[in-house]
Structures are given as structure tokens and as C-alpha cells.
1. Restricting attention to helices (runs of 4 or more DSSP H) lying wholly within the chain, give those where 1 or more residues are of a type outside the set (K, R), at pLDDT below 60 and surrounded by 12 or more Cβ atoms within 10 Å (Cβ to Cβ).
2. Cβ-Cβ distance below 9 Å, separation of 6 or more or different chains: which pairs start in segment 60-85 with a residue that is touching a residue at least 12 places away in the same chain (Cβ under 8 Å) and end on one that is assigned to a loop (DSSP other than H, G, I, E, B) and β-branched (V, I, T)?
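The values are calculated or read from the model by the stated rules, or taken from the named source; none is laboratory data. Note that this is a predicted model, so its numbers are computed, not measured. Cβ placement follows ideal geometry from the backbone for every residue including glycine, while neighbour counts extend to all protein chains displayed.
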Amino acid sequence: MTQYIIDTLSYVLVFGMLQELRSCVYAKKYVLVYMVKGTKEPNKVCSRRSETWSGICGDSKHCDEQCRNWEGAAHGACHRQGVGRACFCYFNC
């Protein structure tokens with residue numbers, strides 16, 4: 001899933017570059033490569049609320065570090081839950 005997210009973000013970044021460089025044929029081909037690459041079947045990822053995080057999750061970078069270092073997760077991120085924000089960890093299933 002992490003690679004799929006990276007591929008998707010790369011596609012968005014490249015697509016933004018394409019909007020600025022509409023006349024550049026190379027950029028259009030580059031975006032096409034990412035579009036095809038992003039259609040691969042992603043690895044299955046399971047998520048759960050962090051068992052070690054306490055309080056409101058305001059910075060996904062800190063959540064990511066804690067999920068990786070303390071819980072052995074592949075990735076972590078802050079997401080809205082109810083009226084607040086919680087740290088969720090993502091594991092390879």
C-alpha cells in the first residue's frame with residue numbers, strides 16, 4: 001500500500017507539472033507511464049488505530065514515526081475520527 005500511495009502521489013505531482021508544461025511532449029509521456037504503473041494491484045494493507053498514541057493526532061509525520069518505530073507498522077497517518085483526529089497505523093496483511 002505504501003508503494004501504491006507513493007505512486008499515486010507521484011502521479012499527482014507529475015500531472016501538476018503537465019498542467020504547467022502542456023506543450024512538452026516528454027511530460028505527457030511521463031504522466032502516461034505513471035497512469036499505467038498506478039493501475040497495478042496494490043498489496044493488501046490492514047489499518048487499525050494506534051495502540052501507543054495518546055491524545056489528538058495533529059502531525060501525520062509524528063504518527064508515522066511512532067507507528068513504524070513502536071508498533072512495527074509499514075506506515076502511519078492522522079485521520080479524522082468522530083470530532084477529533086486519531087493516529088492510524090497501516091500493516092501489510
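1. Working: elements: 2-20, 25-37, 60-71.
Those helices (runs of 4 or more DSSP H) span 2-20, 25-37.
2. Q66/T52; C67/T52; W70/T52; E71/T52; C78/I56; G84/I56; R85/I56
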